[in-house]
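The values are calculated or read from the model by the stated rules, or taken from the named source; none is laboratory data. Bear in mind the structure is a predicted one, so any value in this text is a computation, not a measurement. All Cβ positions, glycine included, derive from the backbone under ideal geometry; neighbour counts span all protein chains shown. Keep in mind that these areas ignore ligands, DNA and RNA; they rest on the heavy atoms of the full protein, side chains included. Shrake-Rupley method; radii C 1.70, N 1.55, O 1.52, S 1.80 Å.
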Amino acid sequence: MLKPQQTISRLRLSCDGLWNIKIDRENVGDVNGWSAGFAPDADVAVPGSWNEQLAEIGVMNYIGVAWYQTRVFVPTAFEGKRIVLRIGSADFSARVWINGKFLGSHEFGFLPFEFEVTDHVAVGKSALVVVRVSNELTDDTVPQGVTAENYIAENRVRDETFPPARFDFFPYGGIHRSVELYATPKEYIDDIDVQTNIVSASDGLVRAKIQLTCLDGATVGFRLESDAQNWTQEANVENGVAEASIAVNPCQFWSCEHPQLYLLTIQLRRDGELIDEYQLNVGIREVKVEGAKLLLNGKPVFLKGFGKHEDFPVLGKALSLPLLVKDFGLLRWINANSFRTSHYPYAEEVLDYADRKGILIIDEVADISRDFRYTSPKSLENHKAYLRELIARDKNHPCVIAWSLSNEPNYLAELEYHDGRGDAYWKELAQHARALDETRPITIPNLQRATINDPAFNYCDFISINRYYGWYENPGQMDVAGKRLSEELDAIYEKYQKPILVSEFGADTVAGLHSTTDQLFTEEYQVKFLETYCAVIASKPYTIGEHVWNFADFRTPQHHRRVVMNLKGVFTRTREPKRAAFFLKEHWAKSPVKSSVNGEAAVLAGAFEK
Ligand code: GCU
């Protein structure tokens, strides 16, 4: 799905701002006709979560339906064009109307969706947009839901969170990313697939496949350019498709150190007349797993970074560009080169920025702690559809180096996972992922309770493990924790012979709390925890990275083990550094081990071979 763009043939109009909201606790909005407009309860900012914005109507912990409305003025400049309404994300599901006309629904959070509205609006007039948003989840949704009844039925009352959630982040509700009207010509560029290859030390290849709405008789112009060079090609449209293969020499490959982007301009023409134009940033790079290494452009790369969240006071999960710039500045400050979009796809603006800044991204489906006792064929169908939409949105980003299909399945260690159901599920989903994108590795971060025999490991290209020895187990005993981690890493590598990313490790830390002894929640203990894990990871030749949990403190559902937030952040929720930030900055600056710099990595990594 192409992101809206302003070009010589395309226009866009932001609908962000202050909308109206009406909370529908009794779910009566449909029968009361709110889709045609309603008397609001309050104003609400879009993008924004409703939870922390609206103290006056008490929706902090609200799980349910909320109705949004706004009026947009359709510009006369849109005359004669195809007009589309696009919502960057609404969590976790939405139904949309314009001028009372039902346009459709979308069942996945954290992903964009759009509807053509050409026939339902008039240029030069305003239009009423109504969006029914729900943050409710069920057994079949992605992510999977949980209810208070589940906790009682499973005798897990002490685990109950409020609001109930299978995941350790707050289930914010709302329209979390930008809403806009955009206009294209009636015949338009519908989709672009770009694949890049490294041909030699100085030669790259860009292959572009364009999907168009016109079938034949038109041509497509391709222009690939950098500051100093440009390449052009022409292709005829055949059955709605036009393709080009552009050899780039000399080629500057995309990497963390040199995130070189080439601008690809696509022009649809008929009889020489320009019909539609779209531009795309292209990074020429290759990612692959080879033996015990993750290779970027043929060289071992070691992932230094974090699991993150989209989370900030009052904003909730809403996109914030100042926060985006702040976080990438801190990633650079701390000498990180990567992060995982835990535990859901992040805003497209995040990936665009990562392309420009040379940050490697593991892009994650919003599937967390999947319980196979409540997993049905419908669950798998939804999971496959979610993955298809994620890959369709993010496939052309050079920063995306891997897909994470789920986080910590089998969280409760239910036996039903190991009876063949888990294996069949991951086998089918992995096949689906590879059919959609054969150019990127896949992984599924594992929780220790799913054990070394997690069937997900069979289908990962590299293994990811989330470990908390020294926190949830062996508290205050980092010597024991380090030993357990080392032994388990060796056992997993021995069994699967696949490289391993330690995708989560960390300790809750209260900023300003100190101790001379190994004391949980102190800044010193967080440093010791991270130091221990990093030393073990560096001692193994088959580890490909360390992602600390978490980049920053973040809000969670209410639970006796959480003081409003998960405090494992290396930065506080408002981005002040804890002592661990300075440890990591120094560690990742000086750690030549498996870093992403030139050939030196091969020599140093060899030092760890047994
Ligand atoms: C898990 C999970 C995280 C969670 C973390 C923790 O590994 O993946 O979402 O926040 O543990 O308990 O801190």
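Per-residue answers, yes or no, for (1) in the same structural domain as THR375 (by TED's automatic domain parsing); (2) surrounded by 17 or more Cβ atoms within 10 Å (Cβ to Cβ); (3) closer than 23 Å to ASP371 by Cα:
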position: LEU415; (1), (2), (3): yes, no, yes
position: PRO441; (1), (2), (3): yes, yes, no
position: ILE444; (1), (2), (3): yes, yes, yes
position: LEU447; (1), (2), (3): yes, yes, yes
position: PRO455; (1), (2), (3): yes, yes, yes
position: TYR459; (1), (2), (3): yes, yes, yes
Worksheet item: How many residues are touching a helix residue (DSSP H, G or I) at 6+ places or on another chain (Cβ under 6 Å) and in the same structural domain as ASN51 (by TED's automatic domain parsing) when one looks only at the range 140-175?
Response: 0
Practice prompt. Answer yes or no as to whether LEU489 is away from the ligand (no atom under 16 Å from the Cβ), closer than 25 Å to GLU286 by Cβ and either touching a Gly at 6+ places or on another chain (Cβ under 6 Å) or in the same structural domain as TRP403 (by TED's automatic domain parsing) (or both).
Written response: no
Worksheet item: Is it the case that PHE108 is buried (at least 22 other Cβ atoms within 10 Å of the Cβ), over 30 Å from GLU187 (Cα atoms), in the same structural domain as THR76 (by TED's automatic domain parsing) and away from the ligand (no atom under 16 Å from the Cβ)?
Response: no
Discussion item. So the check is Cβ under 6 Å with 6+ separation or different chains; which pairs have a first residue in the range 205-221 that's free of Cβ contacts under 8 Å to residues at least 40 places away in the same chain and a second one that's assigned to a strand (DSSP E or B)?
Written reply: ARG207/GLN195; ARG207/SER245; LYS209/ASP193; LYS209/GLU243; GLN211/ASP190; GLN211/ASP191; THR213/ASP190
Discussion item. When the residues of the range 379-413 are narrowed to those that are within 16 Å of the ligand (Cβ to nearest atom) and open to solvent by less than 10 Å² (accessible area, probe 1.4 Å), which ends up farthest from VAL146 (Cα to Cα)?
Written reply: SER404
Discussion item. Go through the range 1-53 and report how many residues are in a loop (DSSP other than H, G, I, E, B) and over 28 Å from the mean Cα position of the chain (by Cα).
Written reply: 16
Item to complete: Would you check which residues across the range 212-222 are loosely packed, with under 15 Cβ neighbours inside 10 Å and either acidic (Asp, Glu) or assigned to a strand (DSSP E or B) (or both) and list them?
Response: ASP216
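Based on this model, can you work out whether SER202 counts as out of contact with any Gly (no Cβ under 7 Å at 6 or more places or on another chain), part of a strand (DSSP E or B) and either among the small types (Gly, Ala, Ser) or surrounded by fewer than 15 Cβ atoms within 10 Å (Cβ to Cβ) (or both)? Steps first, answer last, please.
Numbers: out of contact with any Gly (no Cβ under 7 Å at 6 or more places or on another chain): yes; part of a strand (DSSP E or B): no; either among the small types (Gly, Ala, Ser) or surrounded by fewer than 15 Cβ atoms within 10 Å (Cβ to Cβ) (or both): yes.
So SER202 fails the test.
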Worksheet item: Out of all the residues in the range 177-185, is one or more more than 16 Å from the ligand (Cβ to nearest atom), surrounded by 15 or more Cβ atoms within 10 Å (Cβ to Cβ) and of a type in the set (Phe, Trp, Tyr)?
Response: yes
Response to the item:
When the range 360-378 is checked residue by residue, the ones that are away from the ligand (no atom under 16 Å from the Cβ) and either open to solvent by 10 Å² or more (accessible area, probe 1.4 Å) or farther than 30 Å from TRP254 by Cβ (or both) are PHE372, ARG373, TYR374, THR375, SER376, PRO377, LYS378
Response to the item:
Within the range 546-584, residues being more than 16 Å from the ligand (Cβ to nearest atom) and open to solvent by less than 10 Å² (accessible area, probe 1.4 Å) number 2
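Give the range 230-262 a look and list any residue that's part of a strand (DSSP E or B) and without any contact (Cβ under 8 Å) to a residue 40 or more places away in the chain, or say none.
Answer for the range 230-262, where residues must be part of a strand (DSSP E or B) and without any contact (Cβ under 8 Å) to a residue 40 or more places away in the chain: ASN230, TRP231, THR232, GLN233, GLU234, ALA235, ASN236, GLU238, VAL241, ALA242, GLU243, ALA244.
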Worksheet item: Quick check: anything in the range 78-85 buried (at least 16 other Cβ atoms within 10 Å of the Cβ), among the β-branched types (Val, Ile, Thr), under 30 Å from ASN407 (Cα atoms) and under 26 Å from the mean Cα position of the chain (by Cα)?
Response: no
Worksheet item: Residues of the range 296-322 being aliphatic (A, V, I, L, M) and crowded, with 18+ Cβ neighbours inside 10 Å, which ones?
Response: LEU296, VAL301, LEU303, LEU315, ALA318, LEU319
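Looking only at the range 428-461, count every residue that is part of a helix (DSSP H, G or I) and charged (D, E, K, R) and tell me the total. Show your work before the answer.
Initially, the range 428-461 is screened for residues part of a helix (DSSP H, G or I), giving 428-436, 448-450, 455-459.
After this cut, where a residue has to be charged (D, E, K, R) as well, the list is 428, 434, 449.
Residues that pass the stated criteria total 3.
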Worksheet item: Name the pairs: first residue in the range 156-176 and among the acidic types (Asp, Glu), second residue within 16 Å of the ligand (Cβ to nearest atom) and part of a loop (DSSP other than H, G, I, E, B), Cβ to Cβ under 7 Å, at least 6 apart or on different chains?
Response: ASP168/THR556
Discussion item. Checking the conditions here, which among ILE284, ILE266 is crowded, with 21+ Cβ neighbours inside 10 Å, in a loop (DSSP other than H, G, I, E, B) and in contact (Cβ under 8 Å) with a residue 24 or more places away in the chain?
Written reply: ILE284
Worksheet item: Just one of the numbered conditions (1) in a helix (DSSP H, G or I); (2) more than 15 Å from the ligand (Cβ to nearest atom); (3) surrounded by fewer than 20 Cβ atoms within 10 Å (Cβ to Cβ); (4) within 26 Å of the chain's Cα centre (by Cα) is not true of TYR425; which one?
Response: (3)
Item to complete: Taking ALA435 as meeting all but one of (1) surrounded by fewer than 23 Cβ atoms within 10 Å (Cβ to Cβ); (2) away from the ligand (no atom under 15 Å from the Cβ); (3) farther than 18 Å from LYS384 by Cβ, write down the number of the exception.
Response: (3)
Worksheet item: of a type in the set (S, T, N, Q) and either more than 23 Å from GLU586 (Cβ to Cβ) or not assigned by TED's automatic domain parsing to the domain that holds ARG579 (or both) - does that describe any residue in the range 508-515?
Response: no
Worksheet item: Picking from THR509, THR532, which residue would you name as being within 16 Å of the ligand (Cβ to nearest atom) and in contact (Cβ under 8 Å) with a residue 12 or more places away in the chain?
Response: THR509
